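The values are calculated or read from the model by the stated rules, or taken from the named source; none is laboratory data. Remember, it's a predicted structure, so these values are computed and weren't measured experimentally. All Cβ positions, glycine included, derive from the backbone under ideal geometry; neighbour counts span all protein chains shown. Ligands, DNA and RNA are stripped out before the accessible areas are found, and what is left, the full protein with its side chains, is counted by its heavy atoms. Shrake-Rupley method; radii C 1.70, N 1.55, O 1.52, S 1.80 Å.
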Amino acid sequence: MTTVSFRHKIALTLSGLLLGSLVASAQAETWDMPMAYPDSNYHTQNGKDFAEAVRIATGGKLDITVHGGGSLFGGADIKRAVQTGQAQIGERLLSAHQNEDPLYGIDSVPFLATSFEDSDKLWQAARPALEKRLEKDNLVLLYAVPWPGQGLYFKKAVNSKADTQGVKFRSYNAATARLAELMDMQPVQVEAAELSQALSTGVVESMISSGSTGYDSKVWEQLTHFYDVNAWLPRNYVFVNKDAWDKLDDATRNAVRGVALLAEKAGTAHARQLADWYVTQLAANGMQTGPAGEQLRKDLEAIGVTMTDEWKKAAGEEGSALLDAYQKLK
Ligand code: PCA
């Protein structure tokens, strides 16, 4: 009797599982997730962990395939691809859209938030407005993870603006291009995926970025100096096409939201853990690393004031309200 009921239970469980998996596979959504940065980078690793956790949390109902390193769409095309539904979900540098709306550039205002703590506060203050703004672009914001602080890379010692005249500078958004102009450099927009090539062919010879991207691109093969100026901590964010999102049932959407919350925490913790290590790696590979000298710092601060004023003017009342909200959290 006991044996029968046990077997009966197993049979029931098995058929239940089978039915469950049939239902799941009948309803399984498959999404492509283009990401711009290399597979080895912590942002991409975090995206892969996110996709895996979504698979588990939804019992296989939502199956996300991550395409790292710009392999499915290059960085510059990812937002459009997701807006138009060519991909259902993607990751991109948020401030890359600053030319569409100054709000997108709030995390690249020089010296506004220069630590992970302040970057978190700025994100907390700005997130609701960014969520609304993205919705206008047919996108749903899931999570965002910061890069470490941005420092200046050169192939010579630079002590002040006098040393940067005419230097070819790799930019990755409107703020970095503006910074180059204000230092009398020549900005050239280059995606991280093409950075090594742009450096080795001499298209660019300097940049502002984190130790992370310097490490990923082995910039020590061409560059010699890294000034750890912590100008800002830009974010990559992960977003979903609104139509694809609306097609999911409530339980799946809740599961994805929960996993996204964890992904933001895990990715941010990773960034914090790795920030110093990356700079150590630059030094271990022969680069001179350290803070900027006094005159260079002063020059950068003056440029920061100009850029902050310009951003405030461009972002208007909404921008000022966000800055106020941020100051209240500090
Ligand atoms: N790495 C990215 C953006 C900011 C960063 O640290 C890049 O250089 O493209």
What is the Cα centroid distance between segment 106-154 and segment 236-254, reported in whole angstrom? 21 Å
Taking segment 195-293, how much of its Cα-Cα pair set, in percent, is spaced more than 21 angstrom apart? 50 percent
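Sum up the charges of everything whose Cβ sits under 11 Å from the Cβ of THR213, counting Lys and Arg as +1 and Asp and Glu as -1, but leave THR213 out. Don't skip to the end; give the middle numbers.
On the way: positive: ARG170, LYS218; negative: GLU191, ASP216.
Result for the local shell: 0.
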Calculated log₁₀ intensity ratio I(q)/I(0) where the Debye formula runs over C-alpha points of segment 230-271, q = 0.18, 0.21, 0.24 Å⁻¹: -0.65, -0.78, -0.89
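State the Kirkwood hydrodynamic radius of segment 51-160 in Å, one decimal place, computed from all pairs of distinct Cα atoms. It would help to have the intermediate numbers written out before the result.
Numbers: mean 1/r = 0.0614 Å⁻¹.
Radius from the Kirkwood sum: 16.3 Å.
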Using a 1.4 Å probe on the protein chains only, how many percent of the accessible area of segment 211-259 belongs to carbon and sulfur? 42 percent
In the full protein assembly as shown, how much of THR58 is accessible to a 1.4 Å probe, in Å² to the nearest 10? 20 Å²
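Equivalent-ellipsoid semi-axes (√(5λ), Cα gyration tensor) for segment 278-328, whole Å, largest first? Mind showing how you got there, number by number?
Values: eigenvalues 221, 47, 17 Å².
Its equivalent ellipsoid spans semi-axes of 33, 15, 9 Å.
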Answer rounded, prolate or oblate for segment 72-112, using the Cα gyration tensor with square roots of eigenvalues a ≥ b ≥ c: rounded when a/c is under 1.5, else prolate when a/b is larger than b/c, else oblate. prolate
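Can you tally the net charge around PHE73? Count Lys and Arg as +1, Asp and Glu as -1, for every other residue whose Cβ sits under 10 Å from the Cβ of PHE73. Can you show the working numbers first?
On the way: positive: LYS79, ARG80, ARG92; negative: ASP32, ASP77.
Surrounding charge for PHE73 is +1.
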The aspartates and glutamates whose Cα lies under 14 Å from the Cα of LYS313, excluding any fewer than 8 residues away in the same chain, are ASP101
SASA check, THR201, accessible area w/ 1.4 Å probe, all protein chains in place, rounded to nearest 10 Å², comes out at 90 Å²
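Over the Cα atoms of the chain, what is the Rg over Rh ratio if Rh follows Kirkwood?
Working: Rg = 22.5 Å, Rh = 21.2 Å.
When Rh is taken as the Kirkwood radius, the ratio is 1.06.
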Before I look further, what does the chain give for accessible area per residue, probe 1.4 Å, in whole square angstrom? 46 Å²
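Find out how many positive minus negative residues lie around PHE111, taking Lys and Arg as positive, Asp and Glu as negative, among other residues whose Cβ is under 13 Å from that of PHE111. Spell out each step's value before the answer.
Values: positive: ARG297, LYS298; negative: ASP107, ASP118, ASP299, GLU301, ASP309.
So the surrounding residues net to -3.
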Can you list the residues of segment 45-69 with backbone N under 12 Å from a point 7 Å past the Cα of GLN273, pointing along Cα to Cβ? 46
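Got the relative contact order for the chain handy, in percent, Cα pairs under 8 Å and 6 or more residues apart? Let's see the in-between values first.
Working: 572 pairs, mean separation 78.2, N = 330.
Computed value for the chain: 24 percent relative contact order.
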Run the accessible area of segment 287-330 with a 1.4 Å probe and give the carbon-and-sulfur part as a rounded percent. 50 percent
Residue-ordered couplings for segment 238-243, obtained by feeding phi - 60° into the Karplus form 6.51 cos²θ - 1.76 cosθ + 1.60 and rounding to whole Hz (Gly and Pro as x), are 10, 9, 10, 4, 4, 5
